[in-house]
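Here the structure is laid out as structure tokens; the discussion comes afterwards.
The values are calculated or read from the model by the stated rules, or taken from the named source; none is laboratory data. Values in this document were obtained by computation on a predicted structure and should not be read as measured data. Cβ placement follows ideal geometry from the backbone for every residue including glycine, while neighbour counts extend to all protein chains displayed.
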Amino acid sequence: MEEVLLIKLGEIVLKGLNRKTFEQVLLKNIRRRLAPRGEFTVTSAQSTIYVKPASPEADLDLAEEKAGKIFGVIAYARACAVEKEIGAIQRAAAEYLKNELAGVSTFKVEGKRSDKKFPLTSMEAAAQVGGYLLSKNPHLSVDVHNPELTVRVEIREEAAYIHGAPRPGAGGLPVGTGGQAAILISGGIDSPVAAWMMARRGVELTAIHFASPPYTSERAEMKVQELLRKVSEYSGRMKMYTVEIAHMQEEIRDKCPEELFTIIMRRFMMRASTRIAEKTGCSALITGESLGQVASQTIQAIACTDAAAEMPVFRPLIGTDKAEIVSLSHQIGTFDISIEPYEDCCTVFTPRHPRTRPSLPFVEKAEAALDVQALVDECLESVRCVEITPERIYPAETASF
Amino acid sequence: MEIKHEIYLDNSATTRVCEEAAKKALELMTAEYGNPSSLHTMGVRAETAMTQARRAVAQAMSVQEKNIVFTSGGTESNNLALFGAAYARRKRGKRIVTTAVEHHSVLYTAQQLEKEGFEVIYLKPGRDGYIREEDVFEAVTRDTILVSVMAVNNETGAIFPVEAAAAAIKRAGAPALLHVDAVQAFGKLPLRPAKMGIDLMSISGHKIHAPKGIGALYIANGVHLTPRVFGGGQEQNIRPGTESVPLIGALGAAVEALPPVAQEEAAMRALNQSLREKLADMPGVVIHSPEDGLPCILNFSAGTVRAETMLHFLASRGIYVSSGSACAKSARSHVLTAMGLPQKEIDSSLRVSFSRYNTEEDVAALVTALEEGLRTLARAR
């Protein structure tokens with residue numbers, strides 16, 4: 001009995017002439033994501049991708065777990081492949097789904113015949129398999145409307161496949177089909193979710209993090225790396241650049257009105273990020289802002305921040321509620337990491353009463369007290385870099401932008 | 001490091017610590033000795049070492065790091081799982097199902113729970129050492145709150161019906177948690193608790209070439225245990241106390257050094273098969289371990305020679321095996337007794353257990369010594 005992983009494509013199947021390209025990227029992503037788990041053959045036919053173990057250490061359990069986190073996959077199921085003969089199919093179904101059948105009281109069988117040369121229709125095949133399973137499992141009864149377990153029998157070109165309930169995939173589009181963008185990541189709940197959402201739309205990620213040593217600690221940075229490692233389980237590997245901004249923050253504190261501290265700092269972040277993004281092949285920035293959540297996330301504040309960015313800024317969370325963001329972060333697995341209590345650069349020198357409706361001319365006038373260009377240059381002179389993969393975090397060379 | 005040559009065939013009792021684990025422990029005792037809760041860099045480095053170990057253990061089970069709580073070993077993991085689960089669910093029922101041949105850290109905990117008002121069902125194995133699946137389905141009722149089944153029996157190597165237990169809980173619609181004592185199975189069987197419907201799973205370091213005094217408990221998402229120990233919030237408050245970073249690091253290193261399960265299985269199978277064939281030719285030898293059990297364990301009776309006598313004879317030849325289970329010195333094996341074996345066979349039963357450090361030569365040396373022992377000791381009677 002050969003076991004395979006059947007992967008069903010999502011939105012890709014709606015693509016017209018580009019479909020092949022999307023499919024190729026997805027195949028490449030699946031191969032790359034499974035590589036640390038042993039050798040697999042990954043092929044596609046009839047809107048389904050087949051993953052088969054190709055070496056003794058190739059572990060389908062782990063492959064299945066990975067498949068649930070690959071964007072572009074709408075559903076996946078572990079199945080056993082058998083020859084297209086009804087007796088063999090019956091025996092395989094009873095054996096392969098033994099534990100699942102033991103755990104339920106009601107079931108039904110669904111047949112799907114895409115190989116029309118097979119002598120039985122979908123309905124007939126389902127009825128015969130159902131009858132056999134009943135005879136082997138006296139505790140079961142058939143319930144076609146609300147069964148606890150649905151056994152699926154797919155009769156395809158190369159073989160018949162038997163599986164239980166397919167699992168929902170991560171949806172979205174394959175990473176890499178939507179260009180490249182840079183996520184501005186803090187240590188909070190929102191930005192990892194924003195990164196995940198854009199990756200789900202096929203965007204390849206680069207991460208930019210701002211740190212303020214000695215005001216912020218190594219632990220805060222490790223927390224961000226850990227958050228990104230979680231996100232990378234979905235988005236694939238990415239680089240994270242850490243920009244140190246303590247001196248810039250001190251300058252703003254000393255020379256600008258306190259109520260504008262956050263907004264001016266965020267404008268600095270936008271300028272620095274634009275430059276890193278441009279030089280690393282990104283064509284947009286991503287932030288985790290949600291309208292009205294804090295003072296710097298009002299329409300007016302966002303307008304001021306945007307004016308300092310020289311590329312599109314995506315804010316996938318702009319219209320979401322905190323509760324929705326929290327629920328997504330639980331799903332992604334970043335929530336528990338996000339709530340670890342370390343100072344981040346945004347909580348250093350926080351103004352007591354931030355301005356909620358700043359106007360751009362007013363902010364620009366305040367900024368004139370600073371040598372903006374020199375401060376940005378200084379931050380970008382030595383930017384630390386690590387490469388993040390789901391398995392581990394590799395130190396990379398310090399960069400200068 | 002030179003390791004003196006002995007033929008150690010008692011790996012289910014404990015194992016030699018692997019170089020990787022010993023090195024890691026030394027490093028974490030003498031160089032990176034910070035407290036993982038400290039905010040400074042040394043604390044961070046200790047915490048990183050711990051995170052890495054947690055990740056290694058989690059990955060070996062295909063679960064998330066937050067599912068892993070470090071403990072002092074198998075006994076503590078089993079105690080925490082049973083007491084923690086029974087008390088967390090005591091409002092939903094009193095019935096606990098386990099087997100009569102669990103390790104004593106499960107058995108005696110279950111007996112204690114009986115004294116505290118819980119009702120415990122002990123399933124008995126057949127002569128072949130197996131627990132029948134039908135018995136599991138029958139025993140798990142709607143009001144069962146905990147099922148504890150070992151993955152592999154430590155004396156015979158028989159593999160127990162863990163997945164059937166999960167199915168039984170599901171079919172009965174019971175509010176039961178499923179605990180699996182995987183101390184003997186971890187690293188040797190493909191165990192995926194999240195996939196197999198296991199809620200709690202105990203492992204121990206010293207059975208897989210990590211030091212003694214370290215173990216872990218897998219706790220599934222959403223499962224709450226009533227803690228037994230209170231303190232400074234470590235290990236998600238389930239098992240507080242400053243973490244034993246050197247031992248935790250060593251456990252992680254030992255797990256990372258484990259060969260892939262399939263490879264280990266094949267190597268152990270070869271040794272087991274070879275010993276079985278040779279024992280089959282020896283008169284008076286009866287094998288108790290099932291053919292398709294865990295291949296690193298082989299339990300058999302050596303004729304009429306009492307196990308202890310034979311054990312000492314073998315030890316005098318530099319060969320180390322165990323009589324029954326090493327944990328309960330001189331007590332008659334409760335496992336073989338529950339299997340209904342004749343008393344004479346129980347009293348002469350030996351357990352050989354392999355690790356990846358054993359070779360074909362070790363098997364040959366054991367057989368030679370056994371033959372010699374059977375000749376000389378039988379005559380002395």
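This table checks each residue for (1) of a type outside the set (D, E, K, R); (2) closer than 19 Å to residue B:152 by Cβ; (3) more than 22 Å from the chain's Cα centre (by Cα).
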residue	(1), (2), (3)
B:226	yes, no, yes
B:247	yes, no, no
B:250	yes, no, no
B:254	yes, yes, no
B:266	yes, yes, no
B:271	yes, yes, no
B:281	no, no, yes
B:289	yes, yes, no
B:295	yes, yes, no
- prompt: Looking at residue A:161, is it within 36 Å of the chain's Cα centre (by Cα), within 14 Å of another protein chain (Cβ to nearest Cβ) and either aromatic (Phe, Trp, Tyr) or surrounded by 20 or more Cβ atoms within 10 Å (Cβ to Cβ) (or both)?
  reply: no
Condition set away from chain A (no Cβ under 14 Å), part of a loop (DSSP other than H, G, I, E, B) and small (Gly, Ala, Ser), scope the range B:123-178, selection surrounded by the fewest Cβ atoms within 10 Å (Cβ to Cβ): answer is B:126
Scanning the range A:46-104 for residues that are closer than 18 Å to residue B:195 by Cβ and basic (Lys, Arg) gives A:66, A:69, A:78, A:98
Residue set B:298, B:314; condition of a type outside the set (Val, Ile, Thr), in contact with a Gly (Cβ under 8 Å, 6 or more places away or on another chain), crowded, with 23+ Cβ neighbours inside 10 Å and closer than 14 Å to residue B:128 by Cα; output residue B:298
If we keep only residues of the range B:98-115 that are without any contact (Cβ under 8 Å) to a residue 60 or more places away in the chain and within 15 Å of residue B:139 (Cβ to Cβ), then the residue surrounded by the fewest Cβ atoms within 10 Å (Cβ to Cβ) is B:110
Of the listed residues (A:302, A:318, A:339, A:286), the one being in contact with a helix residue (DSSP H, G or I) (Cβ under 6 Å, 6 or more places away or on another chain) and of a type in the set (Val, Ile, Thr) is A:286
I'd like to know if the range B:171-181 contains one or more residues that are modelled with pLDDT of 95 or more and among the charged types (D, E, K, R). yes
### Message
Looking for something within 25 Å of the chain's Cα centre (by Cα), facing another protein chain (nearest Cβ under 10 Å) and in a loop (DSSP other than H, G, I, E, B) - is there at least one such residue anywhere in the range B:45-63?
### Response
yes
In this structure, is residue B:91 of a type in the set (Lys, Arg), within 15 Å of residue B:198 (Cβ to Cβ) and surrounded by fewer than 23 Cβ atoms within 10 Å (Cβ to Cβ)? no
**Study point:** Flag for residue A:289 being in a helix (DSSP H, G or I) and within 24 Å of the chain's Cα centre (by Cα)
**Key:** no
Suppose the filter is more than 11 Å from every other protein chain (Cβ to nearest Cβ), crowded, with 18+ Cβ neighbours inside 10 Å and at pLDDT 90 or above; does residue A:73 pass it? yes
Checking B:236, B:184 in turn, the sole residue that is part of a helix (DSSP H, G or I) and more than 25 Å from residue A:78 (Cβ to Cβ) turns out to be B:236
Result of the Cβ filter at 6 Å on the range B:166-195, keeping first residues that are among the β-branched types (Val, Ile, Thr) and partners that are part of a helix (DSSP H, G or I) and buried (at least 24 other Cβ atoms within 10 Å of the Cβ), at least 6 apart or interchain, is B:180/B:162; B:183/B:74
In the range B:206-222, anything away from every other protein chain (no Cβ under 14 Å), out of contact with any Lys or Arg (no Cβ under 7 Å at 6 or more places or on another chain) and crowded, with 18+ Cβ neighbours inside 10 Å is listed as B:207, B:208, B:210, B:211, B:214, B:215, B:216, B:217, B:218
Quick check on residue A:220: is it at pLDDT below 95, under 22 Å from residue A:77 (Cβ atoms) and not basic (Lys, Arg)?
no
Of the residues in the range A:100-133, those that are within 14 Å of another protein chain (Cβ to nearest Cβ) and either of a type in the set (Lys, Arg) or buried (at least 18 other Cβ atoms within 10 Å of the Cβ) (or both) number 6
| request: Check whether at least one residue in the range A:185-203 is assigned to a strand (DSSP E or B) and among the aliphatic types (A, V, I, L, M), and report yes or no. | output: no
